[in-house]
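Report on the structure given below.
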Amino acid sequence: MARYTIIADDGFISKDGVGYLDLTLSWLPDDILAVQAAVDGSADLEKGVRSTRTITANELVEDVTTLSWWSNVDATWQAAYDAEQAEIAAEQAAKEAESEA
């Protein structure tokens, strides 16, 4: 499994050190402020009140796949990654077309 970091306020998800900001995390429960998931599938959930950024608890989860919302994490990250790769490919194609003209 990959290492993930999620920061709700920033709309941020990082997978193995590659992160994206301003993602829509509407699927993330309202009381989750941040998540640190390890390669073994365990995670530390920082819970609290988002509006005040007040941490009220930390919860250790042994297996993130037991969380009902976890399947959205990689799907959201992958969509951002794919969009970035498409943008890079389009820029490269434009540069190649320009150099051939």
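None of the figures in this text is laboratory data; all of them are computed from the coordinates on show. Since this is a predicted model, take the numbers as computed values, not measurements. Ideal geometry is used to build each Cβ from the backbone, glycine not excepted, and the neighbour counts take in all protein chains shown.
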*Taking the residues in region 21-73 that are closer than 16 Å to residue 7 by Cβ and of a type in the set (D, E, K, R) as candidates, determine which candidate is nearest to the chain's Cα centre (by Cα).*
22
*What strands (runs of 3 or more DSSP E), lying completely within region 1-43, carry at least 2 residues that are of a type in the set (Ser, Thr, Tyr) and within 21 Å of residue 84 (Cβ to Cβ)?*
4-7
*Restricted to region 45-54, and to residues that are β-branched (Val, Ile, Thr) and part of a strand (DSSP E or B), which residue is surrounded by the fewest Cβ atoms within 10 Å (Cβ to Cβ)?*
54
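Each row is one residue, and each column tells you yes or no for (1) free of Cβ contacts under 8 Å to residues at least 40 places away in the same chain; (2) of a type outside the set (S, T, N, Q); (3) not in a strand (DSSP E or B).
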site	(1), (2), (3)
56	yes, no, no
60	yes, yes, no
69	no, yes, yes
73	no, yes, yes
78	yes, no, yes
81	no, yes, yes
88	yes, yes, yes
_Residues of region 11-29 satisfying the condition of being surrounded by 14 or more Cβ atoms within 10 Å (Cβ to Cβ) and over 22 Å from residue 39 (Cα atoms)_ = 23
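From the list 38, 97, pick out the single residue that is surrounded by 12 or more Cβ atoms within 10 Å (Cβ to Cβ) and either in contact with an Asp or Glu (Cβ under 7 Å, 6 or more places away or on another chain) or of a type in the set (A, V, I, L, M) (or both). First the steps, then the outcome.
Numbers: 97 fails: surrounded by 12 or more Cβ atoms within 10 Å (Cβ to Cβ).
The unique qualifying residue is 38.
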